[in-house]
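Worksheet: one structure, shown below.
Taken together, the values in this text are just the output of simple stated rules run on the coordinates, not laboratory data. Everything numeric here is computed off the predicted structure, so don't read it as measured data. For neighbour counting, all protein chains shown are included, and Cβ atoms are generated from backbone atoms with ideal geometry for every residue, glycine included.
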Amino acid sequence: MIKIEKNITPPHPVKRRKDITNAMAEMQPGDSFTLPTYCDPNSLYIRAQRLGIKISARKQRDGNIRVWRMS
């Protein structure tokens, strides 16, 4: 049987792909931003490649993912 629970707050909304791509395009080398841990880092690398930039993404101690623009 499934237990129904009330008043549980939903997780943070997923950032739209377009927002992430626009942020990556505006970044200068050395700039960074964070994303929730459930975002797929592989998709970030694909987006960066399409923009012609290099990034580095690392999981942080707080569980989020930090993305840096390298070049």
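Just a few scattered comments:
- Where a residue in the stretch 21-34 is farther than 7 Å from Arg69 by Cα and free of Cβ contacts under 8 Å to residues at least 40 places away in the same chain and its partner, wherever it lies, is of a type in the set (Val, Ile, Thr) and surrounded by 15 or more Cβ atoms within 10 Å (Cβ to Cβ), with Cβ under 6 Å and at least six apart: Phe33/Val67
- Taken over the stretch 42-68, the residue count meeting the criterion of being small (Gly, Ala, Ser) and part of a strand (DSSP E or B) is 2.
- Selection from the stretch 35-54 of residues that are hydrophobic (A, V, I, L, M, F, W, C) and either free of Cβ contacts under 8 Å to residues at least 12 places away in the same chain or farther than 18 Å from Ser71 by Cα (or both): Leu35, Cys39, Ile46
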